[in-house]
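Please read the structure below before turning to the comments.
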Amino acid sequence: MKTVLYPGSFDPFTNGHLDLVRRAGLLFDQVIVAIAVNYQKSPMFSMEERKSLIERCCEDIVNVKVVMFRGLLVEAIERFEAQAVLRGLRAFSDFEYELQMALMNRSLRNSCETIFMTPTQENSFVSSHMVKEVAMLGADFRPYVPPAMIPAIEAKIKELKMEQK
Ligand code: PNS
């Protein structure tokens, strides 16, 4: 059984993420979407909220499981018995950070392999950060996220704007 672990903040989960999960699902027996704590970011959604939203976004993909983890990615790979890490590469600008992360993970565990997949062209500029910014500033973010995410983002934006008043 070949399992790939797809870690990320997924805050929020976008069409780019879904695209990668779908295509990885054709190559691996199992894809584990692993929601992680990124200590450099303050998230919009709690980990539990992200887990249930991603499960809904992926409900038509049979070989996907969604989990959460705290701590090191290399430990999560062992815990979830994955053979490799999957990350998306959109542009050159992603490469430096992704290479650094892949090399750090391999330095921590020599067995840790990272596989990169590129999104389809229409998703190549979509990022969680930009979706959040566009949504917060009142533009139409709906083309960039799976339908199940739309009401959740709208509600969260409303909540955040109320808090800012
Ligand atoms: O979607 P993101 O925020 O770019 O994902 C980054 C993430 C969560 C995969 C990365 O921060 C991570 O692996 N965090 C777990 C902690 C860890 O193992 N850090 C050392 C390797 S960089």
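The values are calculated or read from the model by the stated rules, or taken from the named source; none is laboratory data. Remember, it's a predicted structure, so these values are computed and weren't measured experimentally. A quick note on method: Cβ atoms are made from the backbone with ideal geometry, for glycine too, and the neighbour counts reach across all protein chains shown. Heavy atoms of the whole protein, side chains included, go into the accessibility calculation; ligands, DNA and RNA do not. Shrake-Rupley method; radii C 1.70, N 1.55, O 1.52, S 1.80 Å.
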What is the distance, in nm, between label points placed 7 Å from the Cα along the Cα-to-Cβ direction at Ile115 and at Ile61? 1.2
Per residue of the chain, what 222 nm ellipticity follows from adding -39500 (n - 2.57) for every DSSP H run with n ≥ 4, rounded to the nearest 500? -13500 deg cm²/dmol
Placing +1 at every Lys and Arg Cβ and -1 at every Asp and Glu Cβ, with all other atoms neutral, what dipole size does the range 1-131 have around its Cα centre, in debye to the nearest 20? 160
Take the alpha carbon gyration tensor of the range 1-86, find the square roots of its eigenvalues, order them as a ≥ b ≥ c, and report rounded if a/c is under 1.5; if not, report prolate when a/b exceeds b/c, else oblate. oblate
Please compute the length gained on full extension between Phe80 and Glu98, using 0.36 nm multiplied by the number of residues separating them and subtracting their Cα-Cα distance. 4.3 nm
Does the chain come out rounded, prolate or oblate, given a ≥ b ≥ c as the square roots of the eigenvalues of its C-alpha gyration tensor, rounded meaning a/c under 1.5 and, failing that, prolate meaning a/b above b/c? prolate
In the chain, carbon and sulfur make up what percent of the accessible area (probe 1.4 Å)? 56
Accessible area per residue, 1.4 Å probe, Å², for the chain: what's the number? 58
Tell me whether the range 68-142 comes out rounded, prolate or oblate; compute the Cα gyration tensor, take square roots of the eigenvalues as a ≥ b ≥ c, and use a/c under 1.5 as the rounded threshold. prolate
Counting only DSSP loop positions in the range 61-103, the GluC sites (Glu not before Pro) whose Cβ has at most 13 other Cβ atoms within 10 Å are Glu81
